[in-house]
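Read the structure below first, then the notes.
The values are calculated or read from the model by the stated rules, or taken from the named source; none is laboratory data. Bear in mind that the values here come from a model prediction, so they are computed numbers and not experimental data. Positions of Cβ are generated from backbone atoms using ideal geometry, with glycine treated the same way; all protein chains shown enter the neighbour counts.
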Amino acid sequence: AQSVTQLDSQVPVFEEAPVELRCNYSSSVSVYLFWYVQYPNQGLQLLLKYLSGSTLVKGINGFEAEFNKSQTSFHLRKPSVHISDTAEYFCAVMGGGNQFYFGTGTSLTVIP
Amino acid sequence: GAGVSQSPSNKVTEKGKDVELRCDPISGHTALYWYRQSLGQGLEFLIYFQGNSAPDKSGLPSDRFSAERTGGSVSTLTIQRTQQEDSAVYLCASSAAGYRIETQYFGPGTRLLVL
């Protein structure tokens, strides 16, 4: 079975500072990994995804994530955050079955 | 073009009543998913439709939950004899291809409160 752990439920960070949102997964099979963002009062939208190939994946709005198979991690990073990045971020995995497994989410708050 | 829409946006009901939640996917999208997002929890997969294939119902939490997809487009999630633990945000998503790895486009959700 697959599962996703987002260790940080809330992450406050000052504007223009770097941020890392952590995601760890468990799976006995090859996985596809995703980060979704949910802005206030909006639906979830895809930030980036890892399917295969390069372990460093770049997404929208300057975000990137690195797939680390040995550590079973897929942490999301941005070198300099903006106020508009304030949102809920969800990590997800699709494993050998037919379901997506989502983490519990990390609430990122950017402080002016 | 228009995204995924869901209605109603909010629903308050009494315990024991039935509710219907509607999802209009993006036109032409063959795959449709329902998820439940409870407070402090991640998204919980409920059901998946792909074209004319039999739906994957493996995520439905009980037989009080059911879903239909008519004409390969609009979907309705029905919860019978609602319980307080059914209170959550119900999200619908659609994707263009039959493969799960394709990007899912999410609707804004229906916030259900069972009193």
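Given the options A:Val31, A:Val93, A:Val37, A:Val81, name the one that is over 23 Å from B:Val4 (Cα atoms), within 13 Å of chain B (Cβ to nearest Cβ), buried (at least 19 other Cβ atoms within 10 Å of the Cβ) and among the aliphatic types (A, V, I, L, M).
From the options A:Val31, A:Val93, A:Val37, A:Val81, the qualifying one is A:Val31.
State which residue is farthest from the other protein chains (Cβ to nearest Cβ) when the search covers only the range B:46-57 and only residues that are hydrophobic (A, V, I, L, M, F, W, C) and buried (at least 18 other Cβ atoms within 10 Å of the Cβ). Don't jump to the end; show me each part of the working.
Of the residues in the range B:46-57, the ones hydrophobic (A, V, I, L, M, F, W, C) are B:46-47, B:49, B:54.
Add one more test, that the residue is buried (at least 18 other Cβ atoms within 10 Å of the Cβ), and what stays is B:46-47, B:49.
Details: B:Leu46: 10, B:Ile47: 10, B:Phe49: 12 Å.
This residue is B:Phe49.
Kindly indicate which of A:Thr72, A:Thr106 is over 26 Å from B:Leu32 (Cβ atoms), within 14 Å of chain B (Cβ to nearest Cβ) and in contact (Cβ under 8 Å) with a residue 24 or more places away in the chain.
One residue alone meets the criteria, A:Thr106.
Determine whether A:Leu56 is surrounded by 17 or more Cβ atoms within 10 Å (Cβ to Cβ) and over 14 Å from A:Gln2 (Cα atoms).
Against the criterion (surrounded by 17 or more Cβ atoms within 10 Å (Cβ to Cβ) and over 14 Å from A:Gln2 (Cα atoms)), A:Leu56 does not qualify.
Among the candidates B:Pro8, B:Pro61, single out the residue that is modelled with pLDDT of 95 or more and not aliphatic (A, V, I, L, M).
The unique qualifying residue is B:Pro8.
Select from the range A:37-75 the residues that are charged (D, E, K, R) and outside any loop (DSSP other than H, G, I, E, B) and list them in ascending order.
If the condition is that a residue be charged (D, E, K, R) and outside any loop (DSSP other than H, G, I, E, B), then A:Lys49, A:Lys58, A:Glu64, A:Glu66 are the ones that fit.
From the list B:Gly98, B:Gly42, B:Gly72, exactly one residue is small (Gly, Ala, Ser), surrounded by 17 or more Cβ atoms within 10 Å (Cβ to Cβ) and modelled with pLDDT under 85. Which is it?
B:Gly42
For the range B:1-45, which residues satisfy the criterion of being among the aliphatic types (A, V, I, L, M), under 21 Å from B:Gln83 (Cβ atoms) and within 10 Å of another protein chain (Cβ to nearest Cβ)?
The one that is among the aliphatic types (A, V, I, L, M), under 21 Å from B:Gln83 (Cβ atoms) and within 10 Å of another protein chain (Cβ to nearest Cβ): B:Leu43.
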